[in-house]
Amino acid sequence: MSIPFLRRWLHTEKEGLDYFTCASVYDSSEAQRTLQASGIICPDFRHVIQTMIRYYRNHKDNVAKQIPIQ
């Protein structure tokens, strides 16, 4: 991924690829408790993924919504 052409073609910096190989488990229980006191409830990922996919598809070619690849 050191080749700038590939990074621009994939629309990602090489450091961004680390997020796909990082086996992590996150505990959001404290954040959920704090937000619940305000009446805010985080939706289940299964309920929002289609909205995220639709947003991506609608804006994937919009350079104003992309980080410039160096």
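The values are calculated or read from the model by the stated rules, or taken from the named source; none is laboratory data. This is a predicted model, so every value here is computed, not measured. FYI the Cβ positions are ideal-geometry reconstructions off the backbone, even for glycines, and counts take in every protein chain you see. In case anyone asks, the SASA skips ligands and DNA or RNA and just uses the protein heavy atoms, side chains included. Shrake-Rupley method; radii C 1.70, N 1.55, O 1.52, S 1.80 Å.
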Just name the residue that is farthest from THR12 (Cα to Cα) out of those in the range 31-70 that are among the basic types (Lys, Arg) and at pLDDT below 90. ARG33
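Which of the helices (runs of 4 or more DSSP H) contained wholly in the chain include at least 2 residues that are surrounded by 10 or more Cβ atoms within 10 Å (Cβ to Cβ)? Give the derivation first.
Working: elements: 4-10, 18-21, 29-36, 45-59.
Fully inside the chain and qualifying: 4-10, 29-36, 45-59.
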Find all pairs meeting these conditions: Cβ atoms under 9 angstrom apart; at least six residues apart or on different chains; first residue within the range 42-70 and acidic (Asp, Glu); second residue open to solvent by 80 Å² or more (accessible area, probe 1.4 Å) and not in a loop (DSSP other than H, G, I, E, B). none
Would you check which residues across the range 16-30 are under 29 Å from GLN66 (Cβ atoms) and either modelled with pLDDT of 90 or more or under 16 Å from the mean Cα position of the chain (by Cα) (or both) and list them? GLY16, LEU17, ASP18, TYR19, PHE20, THR21, CYS22, ALA23, SER24, TYR26
